[in-house]
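Just below is one structure, and these are the notes that go with it.
The values are calculated or read from the model by the stated rules, or taken from the named source; none is laboratory data. Small disclaimer: the values here were computed from a predicted structure and weren't measured. All Cβ positions, even for glycine, are placed from backbone atoms using ideal geometry, and neighbour counts span all protein chains on display.
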């Protein structure tokens, strides 16, 4: 397994495949990685990122982040910015779990204070935050009520007493993509999502109690700004998205795009998984509006989960969430397409930025960064495997080359099927407990798929991210308790 022989080393962490490499490429393909990570990437990454470079309207380059691995259409970690006037929109560049994202919440508790009650906390979280395939939440919604969620996102939760105003302010896009239109969503999609608010789901989704140890603080100024101020401070991180609702939205529109892209628009795709339509076509705009509904459902889903987490900590420690300092640090999305203005060929241009398993990382002073963080840059949450750790980072000015985008996680090194053959979930549970990590799971088979050895080394990924100038490390967060789907 190796990168194409024509790949050019631009720097220690930037590699470029020229547009001449493959017929149809309109721009080069750029991979952000150390040489070690580059050599560990599967062949599918290079095939897919060069296919992305063939999409109509793509600008500057097709990108792949340091956690890149084979995905559907785009590689996971894939980024592409299309001219909003002439380019396309592609569900394969967004993903099936639309707005799969990360949320981080601080507490004023220390690891020493939490350790005696860790089992109780994890057990209660396991009961209060449903995980696993097909799980349903505690909120019973009517059809009209679910439509309200899809339109308003996390703001719906504020109206229902399930959010603090600060939660909304510290969520990307204030927890709502404007322009959602439920009339563009199928009945089947709503049926799949209507009972899933407040649930984690399965796969790589998790809710994790973590500790920020003093030796793992890389930038104390930024850590203080983001609320990480206490030695061995306990935080809670969780990762989930739009569940079956987003999956059905993607499925519905992939079928539509496959039907119209050649017949109606004359677009020849190098890969059926890159089915697309002109962004300003009826089909493109319909999908964009439906995608926003799934984005908003995911924001609301994570907000309801945060509400349940606050309830659990409050019940265990007999203090209010306010007394426990359970303030949100940030909620950041991946698996979205967004209209943003970036400089291309020396002039500002409106672009549709696809981020598939990739995270926005806006620099200090940029529009879209919450006022609280304006001088520091946007918080970036990069999740690792349940056995290793995760990172809190910050956006930086040098991220301009990747359209201010960075890695979203550690990235898989083996398939789920292979991981299940190599690891046993029950043994993993015991091994993790021996390491001081108490885990509850809905499925031992599902847990085996998420073994730490099935992922890239998170430290390598984040080091490459920082060396490439995509984001700055703030703190490494070590897992102590985990619930998995």
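Quick one: how many residues across region 41-69 are touching a strand residue (DSSP E or B) at 6+ places or on another chain (Cβ under 9 Å) and either part of a helix (DSSP H, G or I) or within 22 Å of residue 267 (Cα to Cα) (or both)?
Residues that pass the stated criteria total 19.
Which pairs have Cβ atoms under 9 Å, sit 6 or more apart or on different chains, and link a residue in region 236-248 that is within 17 Å of residue 189 (Cβ to Cβ) to one that is assigned to a strand (DSSP E or B) and modelled with pLDDT under 95?
From residues that are within 17 Å of residue 189 (Cβ to Cβ), the pairs are 241/201; 243/201; 244/201.
Determine, yes or no, whether residue 144 is surrounded by fewer than 18 Cβ atoms within 10 Å (Cβ to Cβ) and out of contact with any strand residue (DSSP E or B) (no Cβ under 8 Å at 6 or more places or on another chain). Reasoning before the result, please.
Details: surrounded by fewer than 18 Cβ atoms within 10 Å (Cβ to Cβ): yes; out of contact with any strand residue (DSSP E or B) (no Cβ under 8 Å at 6 or more places or on another chain): yes.
Yes: the conditions hold for residue 144.
What number goes with the only condition from (1) more than 16 Å from residue 337 (Cβ to Cβ); (2) modelled with pLDDT of 95 or more; (3) under 26 Å from the mean Cα position of the chain (by Cα) that residue 290 does not pass?
If we test residue 290 against (1) more than 16 Å from residue 337 (Cβ to Cβ); (2) modelled with pLDDT of 95 or more; (3) under 26 Å from the mean Cα position of the chain (by Cα), just (1) comes out false.
Given 140, 108, which one is over 30 Å from residue 66 (Cβ atoms) and at pLDDT below 95? Steps first, answer last, please.
Numbers: 108 fails: at pLDDT below 95.
Answer to the check: 140.
Please find, within region 4-14, the residue that is surrounded by the fewest Cβ atoms within 10 Å (Cβ to Cβ) out of those that are touching a helix residue (DSSP H, G or I) at 6+ places or on another chain (Cβ under 6 Å) and free of Cβ contacts under 8 Å to residues at least 60 places away in the same chain. So that I can check it myself, show each step before the final result.
So in region 4-14, the residues touching a helix residue (DSSP H, G or I) at 6+ places or on another chain (Cβ under 6 Å) come out as 4, 6, 13.
From what is left, the residues that are free of Cβ contacts under 8 Å to residues at least 60 places away in the same chain are 4, 6.
Details: 4: 15, 6: 11.
Step by step, filter region 4-14, then rank; the result is 6.
Enumerate the pairs (first residue in region 356-380 and at positive phi; second residue anywhere and at pLDDT below 95 and in a strand (DSSP E or B)) with beta-carbon separation below 8 Å, excluding pairs fewer than 6 apart on the same chain, so at least 6 apart or on different chains.
What qualifies is 357/409.
Take region 289-322 and flag every residue that is buried (at least 24 other Cβ atoms within 10 Å of the Cβ) and farther than 30 Å from residue 127 by Cβ.
Residues satisfying the conditions are 290, 291, 292.
Can you find a residue in region 364-385 that is surrounded by fewer than 22 Cβ atoms within 10 Å (Cβ to Cβ) and within 15 Å of residue 464 (Cα to Cα)?
No, because not a single residue in region 364-385 is surrounded by fewer than 22 Cβ atoms within 10 Å (Cβ to Cβ) and within 15 Å of residue 464 (Cα to Cα).
For (1) in contact with a helix residue (DSSP H, G or I) (Cβ under 6 Å, 6 or more places away or on another chain); (2) surrounded by 24 or more Cβ atoms within 10 Å (Cβ to Cβ); (3) closer than 19 Å to residue 461 by Cβ; (4) touching a residue at least 40 places away in the same chain (Cβ under 8 Å), each residue gets a yes or a no:
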| site | (1), (2), (3), (4) |
| --- | --- |
| 52 | no, yes, no, yes |
| 60 | no, no, no, yes |
| 71 | no, no, yes, yes |
| 75 | yes, yes, yes, yes |
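Show me the helices (runs of 4 or more DSSP H) found entirely inside region 379-485 where at least 3 residues are under 30 Å from residue 365 (Cα atoms) and at pLDDT 95 or above.
Working: elements: 416-422, 425-434, 444-449, 458-467.
Filter on region 379-485 gives 458-467.
Does region 412-435 include one or more residues that are surrounded by 22 or more Cβ atoms within 10 Å (Cβ to Cβ) and in contact with a strand residue (DSSP E or B) (Cβ under 6 Å, 6 or more places away or on another chain)?
The answer is yes, given that some residue of region 412-435 is surrounded by 22 or more Cβ atoms within 10 Å (Cβ to Cβ) and in contact with a strand residue (DSSP E or B) (Cβ under 6 Å, 6 or more places away or on another chain).
What's the number of the only condition in (1) in contact with a strand residue (DSSP E or B) (Cβ under 9 Å, 6 or more places away or on another chain); (2) on the phi > 0 side of the Ramachandran plot that residue 198 fails to meet?
That leaves (1) as the condition not met.
Please go through region 119-141 and pick out each residue that is in contact with a strand residue (DSSP E or B) (Cβ under 7 Å, 6 or more places away or on another chain) and closer than 12 Å to residue 312 by Cβ.
121, 122, 123, 125, 126, 129, listed by residue number.
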